[in-house]
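The structure appears below as structure tokens.
The values are calculated or read from the model by the stated rules, or taken from the named source; none is laboratory data. Because the structure is a prediction, the values reported are computed rather than measured. In this analysis, Cβ positions are derived from the backbone assuming ideal geometry, glycine residues included, and neighbour counts consider all displayed protein chains. Protein only, heavy atoms only, side chains kept; ligands, DNA and RNA dropped before computing areas. Shrake-Rupley method; radii C 1.70, N 1.55, O 1.52, S 1.80 Å.
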Amino acid sequence: RIGSILLQTLSPEELEASLFEVVGLLNCAASNVTDEKRVELARMNLKAGIKASENAAFDTAKVYFKTGREALGSRGWDVDYRTRLDLCSHGANACFVTGDFDSMNELIDEVLSKDIDTKEKYRVSEIKVKSLHSIGKYNESIDAALDFNRRLGLPAPRKKPASKFTIIREYIRVKRLLKNKTAEDIANLPRLDNERYEMGQRMNDHLSICVIQVEPTMVPLIIFQSVTTSLKHGLSSSSSPAFARLGMLLCGPYGKPHEGREMARAAELILEKPGMRSSAIRTVLITQSFCYHWTSPLKDTIAPLLEGFQIGLEIGVTDKACYCLVGRSYHLFFVGMPLGSIQKEVEATIHVMTQLNQGAARLRIILLLMTVKKLRGIEAEAGDESMDCMLATTASTGDVTLSAYVNLMKLEVYILFQEWREAI
């Protein structure tokens, strides 16, 4: 009763300030709520859950979303379709972030089973793609993303090796669209106002991460498609990482570091536009890990990567945040920070990643710790994983990036110890 009185008497500003307290009081009396009030209760829990998510309190948000679904009951889709959809979609994301995959999959399946517009299934489809990738089911993640884009009626490449001719052809097309555009010209392109294209861009953003594990030759095609959509139809939150990845290609395999730096700069200028902050973490990770070190000292990337970690935590992108820490830790190693200091940094980083339940990123940091200990002459403790064990794990899981990390650090150790035969 107190919750109902507060709900009716507080001003919108006062209600927003006391939202969690009011919803908590309403939930205490949920068993006595009439059928007419259940929709209002569900909507208030949805509002509280969204606010909790914005504050990165995903465990709390998950409870609010579940309470909201329970308030609507088994006929929730008929009683209040929009609220039920939002409770399931936001709830699935909260479950994903907190590692509750069973509940997440139930919510995803519930939404995907409904005969509704494909665009309304976007949120859970995106979570499905991300969750499959996070547990190493790369093929299934790629299939889910490509299938969604096709259902939207957007072009989607086939999951197969891309020929050099195809890659060069698409690169030439992008170059023609770019003409002589500067970073400022790109950042001043109009905003994308087509919801369908925007969803497709976000899926391409996820695809560009997934395909490298399965078919790396597809990576340029996904990047070119994302950049082309931005140049033709306007900028979205996915445009910044798309141009950052184009910069990565130009700096690395294409051997044009100054052109690549300009694309990285364009990506950062796009971030300054309203509504683009959600892609900040991905952009920082790409530009600081793969672009700027070609033309600037590697030490200049260390502070931005730490800032990227902090941004990622703020916006709830924990996995990318932790990869910023991975990049920062390795860069500290390669710029020559004293090994004792690196070991302390790395051990603290492992503790953070354990708390955040980020196993994949944690493995890469454990590998760095093993390398540092070996170089310091510290014997491995009982139960410590070896580099060879890690390689065996990558062979069974298909994690090609972790395999590259392991081989890189083995090579580093062999060279520093002048074990040339093993290095070769």
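The alpha carbon gyration tensor of the stretch 28-114 gives principal lengths a ≥ b ≥ c with a/c of 1.5 or higher and a/b no greater than b/c, which makes the shape oblate. Bridging of K410 to lysines at a Cα separation below 19 Å is possible for K373, K374, once same-chain residues fewer than 8 apart are set aside. In the elastic network of the chain, a GNM with C-alpha springs shorter than 10 Å, the most mobile of F243, F334, F290 is F334.
Can you bin the stretch 251-350 into rounded, prolate or oblate? Criterion: square roots of the alpha carbon gyration tensor eigenvalues sorted a ≥ b ≥ c, rounded for a/c under 1.5, prolate for a/b above b/c, oblate for the rest. Oblate, because a/c is 1.5 or more while a/b does not exceed b/c.
Taking 56 Å as R0, compute the FRET efficiency from the Cβ-Cβ separation of D193 and A380 and round it to 0.05. Result of the calculation: an efficiency of 0.50.
Neighbours of I424 by Cβ distance under 15 Å: Lys/Arg scored +1, Asp/Glu scored -1, total -1.
On a per residue basis, the chain carries 49 Å² of accessible surface, using protein heavy atoms and a 1.4 Å probe.
Expressed as a rounded percentage, what relative contact order does the chain have, with Cα pairs under 8 Å and six or more residues apart? With pairs under 8 Å counted, the relative contact order is 9 percent. For the listed peptides 134-143, 370-379, a ranking on the average number of other beta carbons within 10 Å per residue, highest first, reads 134-143, 370-379. Averaging Cα coordinates gives a centre for the stretch 180-207 and one for the stretch 213-276; these two points are 9 Å apart. Decide, for the stretch 181-286, between rounded, prolate and oblate: order the square roots of the alpha carbon gyration tensor eigenvalues as a ≥ b ≥ c, take rounded if a/c falls under 1.5, and otherwise choose prolate if a/b is larger than b/c, else oblate. Taking the square roots of the gyration eigenvalues as a ≥ b ≥ c, the stretch 181-286 is oblate.
Remark on L235: its backbone amide H falls under 5 Å from those of R191, L192, a criterion applied only to residues 5 or more positions apart or on other chains, H modelled at 1.01 Å from N. For the stretch 229-321, applying the loop criterion from DSSP together with a ceiling of 13 other beta carbons within 10 Å to the GluC sites (Glu not before Pro) yields E272.
Please give the length that would be gained between L339 and K299 if that part of the chain were fully extended, namely 0.36 nm times their separation in residues minus their C-alpha to C-alpha distance (nm, one decimal). Could you put the intermediate results ahead of the total?
Values: separation 40, 0.36 × 40 = 14.40 nm, distance 1.59 nm.
That works out to 12.8 nm of additional length.
Tell me, what is the percent relative contact order of the stretch 232-356, built from C-alpha pairs under 8 Å that lie six or more residues apart? Can you show the working numbers first?
Numbers: 157 pairs, mean separation 25.1, N = 125.
Rounded, it is 20 percent for the stretch 232-356.
Around V326, what is the net charge, scoring Lys/Arg as +1 and Asp/Glu as -1 over all other residues with Cβ under 13 Å from its Cβ? Before the final figure, lay out each step's value.
Working: positive: K320, R328, R362, R364; negative: D319, E345.
Charge balance near V326 sits at +2.
Overall, the accessible surface of the chain at a probe of 1.4 angstrom is composed of carbon and sulfur to the extent of 53 percent. Computed over neighbours whose Cβ is under 12 Å from that of L87, the net charge equals +4, Lys and Arg +1, Asp and Glu -1.
Note: relative contact order over the stretch 192-250, using C-alpha pairs below 8 Å and six or more positions apart, is 41 percent. Measuring between alpha carbons in the structure, the pairs from K119/K179; K128/K232; K37/K119; K299/K320; K47/K137; K121/K181 lying more than 27 angstrom apart are K119/K179; K128/K232; K37/K119; K47/K137; K121/K181.
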